[in-house]
Amino acid sequence: GAGVSQSPSNKVTEKGKDVELRCDPISGHTALYWYRQSLGQGLEFLIYFQGNSAPDKSGLPSDRFSAERTGGSVSTLTIQRTQQEDSAVYLCASRVGTDHNEQFFGPGTRLTVL
Amino acid sequence: SQQGEEDPQALSIQEGENATMNCSYKTSINNLQWYRQNSGRGLVHLILIRSNEREKHSGRLRVTLDTSKKSSSLLITASRAADTASYFCATATGNTPLVFGKGTRLSVIA
């Protein structure tokens, strides 16, 4: 079966531009997470969607970051007015159920802000 | 803030040797999970151990959990070159999302 997919795989943009990153979770997975990983670092939690509940946005680093999940499936992470420090790999993960158990990760989007 | 802290940060061993990585955390947890990451992209779930478990095995992997010391270890036996990757522990606490450590970079030399 299909896993979690993300697009684009790589994105190069200029400082100040807006970018949209897409995540297609595994069908039927009710929970979806976005993480950010800077070079050589661990994963930094950004935002979490669970079913129809209000998302947990506690990890978003600034109001330039936002995310939405349409129809309980596809999610888009938007970064407005990108800065060089936004350069990182953005990872999406999904899982079934409500417990924080095994997460299935996508391959990530490598964002480079020039 | 970082919950899990892996130790060592980097580990280099010969093929066939065992690799041991440790993870320490700060608060009570529901479960602890280990993930592997190749080439800085998507993570793959390896094993989950619940707070009421002390040891778990999966193939060449052995995970222990000591809740009194708030620590876990991941042992990979008879390592292979293909085990070369970064290994992360992640803790689940209450209803908060998983918190990942910074990882251990394992190099297995053929």
Can you give the convex hull volume of the alpha carbon atoms of chain B per residue, in Å³? 93
Relative contact order of region A:5-98 (C-alpha contacts under 8 Å, at least 6 apart) in percent is 39
How many times 2.2 N^0.38 Å is the alpha carbon radius of gyration of the protein assembly as shown? 1.02
Fewest-first sequence of A:109, A:13 by Cβ atoms within 10 Å of each Cβ: A:13, A:109
Within region A:51-114, DSSP-loop trypsin sites (Lys or Arg not before Pro) with at most 16 other C-beta atoms within 10 Å are A:57, A:64, A:81
I need the Kirkwood Rh of chain A: take the reciprocal of the average 1/r across all distinct C-alpha pairs and report it in angstrom. 14.1
Quick one: Karplus J couplings for region B:98-110, per residue in order, coefficients 6.51, -1.76, 1.60, θ = phi - 60°, nearest Hz, x for Gly and Pro? 4, 10, 9, x, 8, x, 10, 8, 9, 10, 10, 9, 6
Would you list B:70, B:26 from fewest to most Cβ contacts within 10 Å? B:26, B:70
Which value, in debye to the nearest 20, describes the size of the charge dipole of region A:5-98 about its Cα centre when Lys and Arg Cβ atoms bear +1, Asp and Glu Cβ atoms bear -1, and nothing else is charged? 60
Calculate the spin-label point distance for residue B:107 paired with residue B:24, positioning each point 7 Å from the Cα along the beta-carbon direction, and give it in nanometres. 2.6
Förster radius 22 Å - calculated FRET efficiency between residue B:39 and residue B:95 (Cβ-Cβ, nearest 0.05): 0.10
For chain B, what is the relative contact order in percent, using Cα pairs closer than 8 Å and at least 6 residues apart in sequence? 39
Among the chymotrypsin sites (Phe, Trp or Tyr not before Pro) in region B:77-110, which ones are in a DSSP loop with at most 13 other Cβ atoms within 10 Å of the Cβ? Mind listing them? none
Rounded to whole Hz and in sequence order, give me ³J(HN,Hα) for region A:11-17 from the Karplus expression 6.51 cos²θ - 1.76 cosθ + 1.60, θ = phi - 60°, writing x for Gly and Pro. 9, 10, 9, 9, 3, x, 7
Using the Cα centre of region B:22-110 as the reference point, and only Cβ charges (+1 on K/R, -1 on D/E), how large is the resulting charge dipole? Debye, rounded to the nearest 20. 100
Exceeding the 22 Å Cα-Cα cut-off - candidates B:26/B:102; A:57/B:70; B:70/B:102: A:57/B:70
Residue by residue, what Karplus-based ³J(HN,Hα) values in Hz, rounded to whole numbers, does region A:103-112 have, using 6.51, -1.76 and 1.60 with θ = phi - 60° and x for Gly and Pro? 10, 10, 9, x, x, x, 10, 8, 9, 10
Sites residue B:81 and residue A:112, calculated FRET efficiency, Cβ-Cβ separation with R0 35 Å, nearest 0.05: 0.70
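Here, each number is a calculation from the coordinates, and none is a lab measurement. Everything numeric in this text was worked out from a predicted model, so none of it was measured. Cβ sites come from the backbone with ideal geometry, for glycine too, and all protein chains shown count toward neighbours.
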